[in-house]
Amino acid sequence: MSDALRIDFTRAEAARRRAVYRGILGANLAIIAALGVIALLAPAAFAGLAGATAGPFIRLWGTFLIIVAALYFPGWLDPLTVRWPNVIGVGARVVLALVYLLLGGGFLWLALFELAFAVALGWAYSRFVRAELMSRP
């Protein structure tokens, strides 16, 4: 019998794909939180990175980024049971990438960042859920 047909193999595959997804999401959340802290504590430096003018909205944006990272955190802890942050997060990243594209200028690198993570997270999450479903007889 093939290893792919053994339950131990499919459970190990699901665990591996869960780790891959959590790794990608964890990296994304860490970057988002770090950007939020930089925008909150050093708005002029963050505005320089984004090619924007420093204003009060930069600190609000930083606070928003920290809140978003906190809201996604339960999805990182248990991505199978807590699905909504993970599923909605992929779509929200695509929408945010479009907003950044419309803003233009220095926001283009943020658009690429969000779009790259949207694709990576969507791919990894779908593979994880499929592997998890296949591991349950």
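The values are calculated or read from the model by the stated rules, or taken from the named source; none is laboratory data. Every value quoted in this text rests on a predicted model; they were computed, and no experiment measured them. Here the Cβ positions follow ideal geometry from the backbone for every residue, glycine too, while neighbour counts run over all protein chains shown.
Give the range 87-137 a look and list any residue that's outside any helix (DSSP H, G or I) and at positive phi, or say none.
GLY104
Those residues that are at pLDDT below 80 and within 22 Å of ALA118 (Cα to Cα), I need them from the range 1-57; list them, please.
Those that are at pLDDT below 80 and within 22 Å of ALA118 (Cα to Cα): LEU49, ALA50.
Looking at the range 98-137 only, could you name the residues that are crowded, with 17+ Cβ neighbours inside 10 Å, of a type in the set (Ser, Thr, Tyr) and either farther than 30 Å from ASP8 by Cα or over 13 Å from the mean Cα position of the chain (by Cα) (or both)?
Answer for the range 98-137, where residues must be crowded, with 17+ Cβ neighbours inside 10 Å, of a type in the set (Ser, Thr, Tyr) and either farther than 30 Å from ASP8 by Cα or over 13 Å from the mean Cα position of the chain (by Cα) (or both): TYR100, SER135.
Please go through the range 37-84 and give me each residue that is surrounded by fewer than 18 Cβ atoms within 10 Å (Cβ to Cβ) and touching a Phe, Trp or Tyr at 6+ places or on another chain (Cβ under 6 Å), ordered by number.
Passing the criteria: only ILE38.
Of the residues in the range 55-86, how many are more than 16 Å from VAL129 (Cα to Cα) and part of a helix (DSSP H, G or I)?
Of the range 55-86, the ones more than 16 Å from VAL129 (Cα to Cα) are 55-74.
Narrowing further to those that are part of a helix (DSSP H, G or I): 56-74.
The total comes to 19.
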